[in-house]
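Since the structure comes first, as structure tokens, the remarks are kept for the end.
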Amino acid sequence: MTDKHDLTLTINGFDHAITVDARRTLADAIRDQCGQTGTHIGCEHGVCGSCTVLLDGVPVRSCLIFAVQCEGLAIRTVEGLAEGDELHPLQRSFIKHHALQCGFCTPGFLMLAVGILENEPNIADADLRELLSSNLCRCTGYANIVKAVRAAADELREGR
Amino acid sequence: MKPAAFQYHNPLTVEDAVATLAEVAPDQGRILAGGQSLVPTMAFRLATPEHLVDINGIEELGRLAIEDGVLSIGACVRHAAFHRPVLEGGFGAILTRMAGHIGHYPIRQRGTFCGSLAQADPSSEWCLAAVTLDASITAQSTRGGRTIAGADFIEGIMTTALDEDELLVETRFALPAADTRFGFVEFSRRAGDFALAMALASFRLSGGVMIEARLGIGGAEDRPRRIGEAEAELNGQPPGTPAFEAAAAAVAAELDPMEDAGTSAQYRRELAQCLARRALESAAS
């Protein structure tokens with residue numbers, strides 16, 4: 001059975017015209033058909049959070065959404081965080097606080113955290129820890145991830 | 001793994017959706033709402049629907065409204081809609097508390113209230129709310145519409161009263177009296193895991209005693225249910241340890257809990273007893 005769909009995905013403001021099978025997940029389309037390989041795929045069933053992207057401003061698991069559902073929606077991936085050579089404050093904070101080791105989970109954590117901070121800029125520590133439990137890091141870097149996001153939250157708030 | 005191939009349909013009206021569903025349901029056609037349970041099941045190839053009818057494009061199904069004493073939740077209202085109370089008072093607050101236990105933040109941005117009911121996982125927070133607080137559930141098909149009471153809707157593990165050609169379009173709750181008190185407690189081993197048990201309690205106070213007591217237990221049996229014997233221990237009694245412990249003991253006596261590799265029936269029974277008491281204490285405080 002083939003069920004092909006022509007559609008345009010808008011990723012970080014750029015349009016990508018692609019043809020997909022209905023069963024193609026957004027995560028696979030972003031990586032394989034739009035060439036944006038910053039979004040990582042871990043478990044492919046919504047548990048690990050590696051594939052987290054922003055969809056119309058909120059973090060979602062891109063392995064649990066089909067690409068065919070995403071035409072006309074604003075998709076943001078890790079490639080869209082930096083402005084030219086200037087890293088996003090959250091990316092700088094991850095480096096400063098050693099919030100990554102192998103780096104596989106990092107794009108997912110960055111997009112999760114950006115989504116949280118854009119929607120909940122004044123989030124309390126306990127709530128932030130709870131929301132960051134959404135994603136898995138197998139280098140056990142959680143403490144430093146929390147530190148990095150907290151510091152970036154404070155910096156972003158002061159910058160407003 | 002990747003989901004198996006399927007035919008994708010994206011109707012823009014309820015009328016078109018139920019017409020398409022009627023056509024494809026006998027041929028393994030399913031509704032796709034938030035997809036946060038269905039798509040993982042497809043990735044494991046435990047579900048291989050031949051057709052998916054995506055209802056996310058149907059604008060009217062995104063409706064969340066409070067009018068004429070009723071909270072109406074359309075089929076595409078996401079869990080995240082409850083991150084902040086949808087109305088003032090205890091009812092809005094308890095829905096927010098329950099929402100916080102559903103999966104994780106990104107899951108809640110996409111998964112839907114009504115989809116949880118249609119999925120009917122025994123550990124679903126919204127199924128417990130629908131059963132305990134008497135939701136009425138509207139199903140639509142080409143044959144017409146009907147309303148199903150929350151307690152009749154869930155028939156077992158992942159089994160509902162919906163016929164294969166019926167779309168759950170809306171869930172409604174009559175707003176509880178403003179002085180109704182609520183408590184909800186859930187236990188899982190890790191943040192975001194499925195509940196091993198949970199308890200939802202509500203009551204009003206009249207002349208210093210509890211009236212209209214409700215106590216629902218979820219996650220312990222194959223479906224959530226109110227424990228009438230426990231409610232009988234509450235009504236007419238002052239809120240406090242003696243009544244709460246008697247109600248919790250009735251929960252333990254009445255439950256026939258599920259067992260799994262890591263959790264014995266006895267463990268779940270004692271857990272439910274403890275959570276029932278804590279939910280009542282939370283409602284009283």
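The values are calculated or read from the model by the stated rules, or taken from the named source; none is laboratory data. Predicted, not measured: the structure shown is a model, and the values here were computed from it. Glycine gets a Cβ as well: all are built from the backbone with ideal geometry, and neighbour counts include every protein chain shown.
Per the conditions (1) surrounded by fewer than 16 Cβ atoms within 10 Å (Cβ to Cβ); (2) more than 30 Å from residue B:49 (Cβ to Cβ), the sole criterion not satisfied by residue B:193 is (2). The sole residue among B:188, B:202, B:206 that is surrounded by 24 or more Cβ atoms within 10 Å (Cβ to Cβ) and not assigned by TED's automatic domain parsing to the domain that holds residue B:92 is B:202.
With the structure loaded, tell me whether residue B:91 is surrounded by 24 or more Cβ atoms within 10 Å (Cβ to Cβ) and more than 21 Å from residue A:128 (Cβ to Cβ) or whether it fails that test. Explain how you work it out, then say what you get.
Working: surrounded by 24 or more Cβ atoms within 10 Å (Cβ to Cβ): no; more than 21 Å from residue A:128 (Cβ to Cβ): yes.
Considered against the rule, which asks whether it is surrounded by 24 or more Cβ atoms within 10 Å (Cβ to Cβ) and more than 21 Å from residue A:128 (Cβ to Cβ), residue B:91 comes out as no.
Taking the stretch A:29-103 and the strands (runs of 3 or more DSSP E) fully enclosed by it, the elements with 1 or more residues that are under 12 Å from the mean Cα position of the chain (by Cα) and charged (D, E, K, R) are at A:58-61, A:74-76. So, of the residues in the stretch B:144-165 that are without any contact (Cβ under 8 Å) to a residue 60 or more places away in the chain and in a loop (DSSP other than H, G, I, E, B), which turns out to be farthest from residue B:226 (Cα to Cα)? Among those residues, the one meeting the criterion is B:163. The one condition from (1) without any contact (Cβ under 8 Å) to a residue 60 or more places away in the chain; (2) more than 8 Å from every other protein chain (Cβ to nearest Cβ); (3) not small (Gly, Ala, Ser) that residue B:14 does not meet is (1). Just one residue in the set B:75, B:25, B:5 is more than 12 Å from every other protein chain (Cβ to nearest Cβ), farther than 26 Å from residue B:285 by Cα, more than 20 Å from the chain's Cα centre (by Cα) and not β-branched (Val, Ile, Thr); that residue is B:25. Annotation note: of B:116, B:123, the sole residue that is in a helix (DSSP H, G or I), buried (at least 20 other Cβ atoms within 10 Å of the Cβ) and among the hydroxyl-bearing types (Ser, Thr, Tyr) is B:116.
Could you please find all residues in the stretch B:234-245 being without any contact (Cβ under 8 Å) to a residue 40 or more places away in the chain and closer than 16 Å to residue B:204 by Cβ?
Residues of the stretch B:234-245 that are without any contact (Cβ under 8 Å) to a residue 40 or more places away in the chain, as a first pass: B:235-238, B:241-243, B:245.
Hits for the stretch B:234-245 are B:235, B:236, B:237, B:238, B:243.
Only residues that are of a type outside the set (Asp, Glu) and free of Cβ contacts under 8 Å to residues at least 12 places away in the same chain were counted in the stretch A:61-91, giving 3. Of the residues that make up the stretch B:236-244, is at least one closer than 26 Å to residue B:159 by Cα and not assigned by TED's automatic domain parsing to the domain that holds residue B:128? Within the stretch B:236-244 (the criterion being closer than 26 Å to residue B:159 by Cα and not assigned by TED's automatic domain parsing to the domain that holds residue B:128), the answer is no, since none of the residues qualifies. Of all residues assigned to the stretch A:105-122, at least one qualifies as being β-branched (Val, Ile, Thr), in a helix (DSSP H, G or I) and either within 10 Å of another protein chain (Cβ to nearest Cβ) or farther than 23 Å from residue A:147 by Cα (or both). I'd like the full set of residues that are among the polar types (S, T, N, Q) and facing another protein chain (nearest Cβ under 8 Å), limited to the stretch B:31-54. Of everything in the stretch B:31-54, just one residue is among the polar types (S, T, N, Q) and facing another protein chain (nearest Cβ under 8 Å), namely B:36. Specify the residue that is surrounded by the fewest Cβ atoms within 10 Å (Cβ to Cβ); the eligible residues are those in the stretch A:93-105 that are out of contact with any helix residue (DSSP H, G or I) (no Cβ under 6 Å at 6 or more places or on another chain) and touching a residue at least 24 places away in the same chain (Cβ under 8 Å). Filtering first and then ranking leaves A:102. Hey, could you check the stretch A:1-28 for residues that are within 14 Å of another protein chain (Cβ to nearest Cβ) and exposed (fewer than 15 other Cβ atoms within 10 Å of the Cβ) and say which is nearest to residue A:51 (Cα to Cα)? Among residues in the stretch A:1-28 that are within 14 Å of another protein chain (Cβ to nearest Cβ) and exposed (fewer than 15 other Cβ atoms within 10 Å of the Cβ), the one nearest to residue A:51 (Cα to Cα) is A:19. Which of the residues belonging to the stretch A:29-70 are facing another protein chain (nearest Cβ under 8 Å) and acidic (Asp, Glu)? Of everything in the stretch A:29-70, just one residue is facing another protein chain (nearest Cβ under 8 Å) and acidic (Asp, Glu), namely A:44.
Candidates B:272, B:248: the one that is in contact with a Pro (Cβ under 9 Å, 6 or more places away or on another chain), in a helix (DSSP H, G or I) and surrounded by 24 or more Cβ atoms within 10 Å (Cβ to Cβ) is B:272.
For residue B:104, state whether it is over 27 Å from residue A:127 (Cα atoms), within 12 Å of chain A (Cβ to nearest Cβ) and buried (at least 20 other Cβ atoms within 10 Å of the Cβ). Criteria not met by residue B:104.
Name the residue, out of B:175, B:168, that is at pLDDT 95 or above, among the hydrophobic types (A, V, I, L, M, F, W, C) and within 19 Å of residue B:60 (Cβ to Cβ). Even if it seems obvious, please write down each step before you answer.
Details: B:175 fails: within 19 Å of residue B:60 (Cβ to Cβ).
From the options B:175, B:168, the qualifying one is B:168.
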